[in-house]
Amino acid sequence: MLDATMTTTTSNPNAALDAVIEAAKKHSAVPLWPVLGTLSTPEPRPKAVPHIWPFAVMRPFCEAAAKLVGTEFAERRVFSLINPALGDPYTTDTLYAGLQTILPGEVARAHRHTIFALRFIIEGDRAYTAVEGEKVMMQRGDLVLTPQDEWHDHGNEGDKIMIWMDGLDHPIWRAVPLVFTEHYGNKQFPSEVTTKPSVRKYPWDEMQAKLDAPSGPTAEVPYVHRGTGGEIGATIGASAIRINAGAETPALRETSSSIINVYQGSGTALIGGETLRFTQGDVIAVPAWKQVRFRADTGGTTYLFRMHDRPLVRALNAYRADAGAVGA
């Protein structure tokens, strides 16, 4: 119980307040007012920083690990791409990306989980992701979805290495610790190839046709879920970007973070005052509330894949976007 002397006026009110606070701490209560300004700031303050993972640097790591670590020891052979300002599993404050490798003849065993996942194919063909009985064949540039709680395994039926970028909403589950992963009884979940357009696969040639249709130096087209007509997921969305040779995308600052994979071309990403050079296969972290522009080199058309957390941010009624300010 609070001592009555703590409520009386004394010659040292600070001492009286300190006593009240110390007494409250014993009951697992602390004052809000000293930290309120840091909990709700005048502008968003994401912890992630702009960063790039060059594919030319990462690919040898992927290939070496694939030869040294068998799928019997690593359920998913992945190099997580961790933001330098954060720890695992954060590529941005809300998004995770990793590079997964599978060798010819290998199978990554079946499981399912609460986490939503996508994969964007960087290199290879004749591999597959079998999702809930549907065997989805994959090639470079394809976007493949693994919705929540759907059984999935991966295999490579080709004769070359297969590398793709995994994208997951794993970071948000640190704040909502309700993740479940269940392993299937057998290595593979029974599946068959379908010839119909799949709600889980979005081929690159289909997206490029949409990107090239409009005129103008740049274009951005969202991936639209074939089944719902909306975003590809409840927490993660995606789009693709075309930038003609020498052109630059409009400046954008938004309360959404994104992860870029360079499908084709080279250029410069200008993010929050930082300049990052990119080329094919590279992965780029774009934090929320940092002004971003992409500039293509003059050698040819550049195409980018973008995964983002706009569906999550919009569900929280927190999405804002503007041109921002240089260095923002």
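The values are calculated or read from the model by the stated rules, or taken from the named source; none is laboratory data. For clarity, every value in this text was computed on a predicted model and none was experimentally measured. Please note: Cβ atoms are built from the backbone with ideal geometry, for glycine as well, and neighbour counts cover all protein chains shown.
Considered as a group, the residues in the stretch 258-289 that are under 20 Å from P54 (Cβ atoms) and assigned to a loop (DSSP other than H, G, I, E, B) include one that is modelled with the lowest pLDDT, and that residue is G272. In the stretch 202-231, the residues that are assigned to a loop (DSSP other than H, G, I, E, B) reach residues that are among the aliphatic types (A, V, I, L, M) with C-beta atoms within less than 6 angstrom, at least six apart or across chains, in these pairs: P217/A247; Y223/I232; Y223/A238; H225/I232; R226/V199; G227/V199. Against the test of being out of contact with any helix residue (DSSP H, G or I) (no Cβ under 7 Å at 6 or more places or on another chain) and part of a loop (DSSP other than H, G, I, E, B), the options P44, P31 yield a single qualifying residue, P44. Looking across the stretch 156-193 at every residue that is over 23 Å from the mean Cα position of the chain (by Cα) and over 24 Å from I122 (Cβ atoms), the one that is surrounded by the most Cβ atoms within 10 Å (Cβ to Cβ) is identified as F189.
Can you tell me which residue within the stretch 233-251, out of those that are hydrophobic (A, V, I, L, M, F, W, C) and closer than 21 Å to Q264 by Cβ, is surrounded by the fewest Cβ atoms within 10 Å (Cβ to Cβ)?
So, considering only residues that are hydrophobic (A, V, I, L, M, F, W, C) and closer than 21 Å to Q264 by Cβ, the one surrounded by the fewest Cβ atoms within 10 Å (Cβ to Cβ) is A245.
Quick check: anything in the stretch 67-76 in a helix (DSSP H, G or I) and over 26 Å from K290 (Cα atoms)? There is at least one residue in the stretch 67-76 that is in a helix (DSSP H, G or I) and over 26 Å from K290 (Cα atoms). Looking across the stretch 128-170, the residues that are in contact with a Phe, Trp or Tyr (Cβ under 9 Å, 6 or more places away or on another chain), among the aliphatic types (A, V, I, L, M) and under 17 Å from N261 (Cβ atoms) come down to M138, L143, V144, L145, I163, M165, L168.
Evaluate the stretch 173-188: report whether one residue or more is farther than 18 Å from R310 by Cβ, part of a helix (DSSP H, G or I), touching a strand residue (DSSP E or B) at 6+ places or on another chain (Cβ under 8 Å) and among the aromatic types (F, W, Y). No, that holds for no residue.
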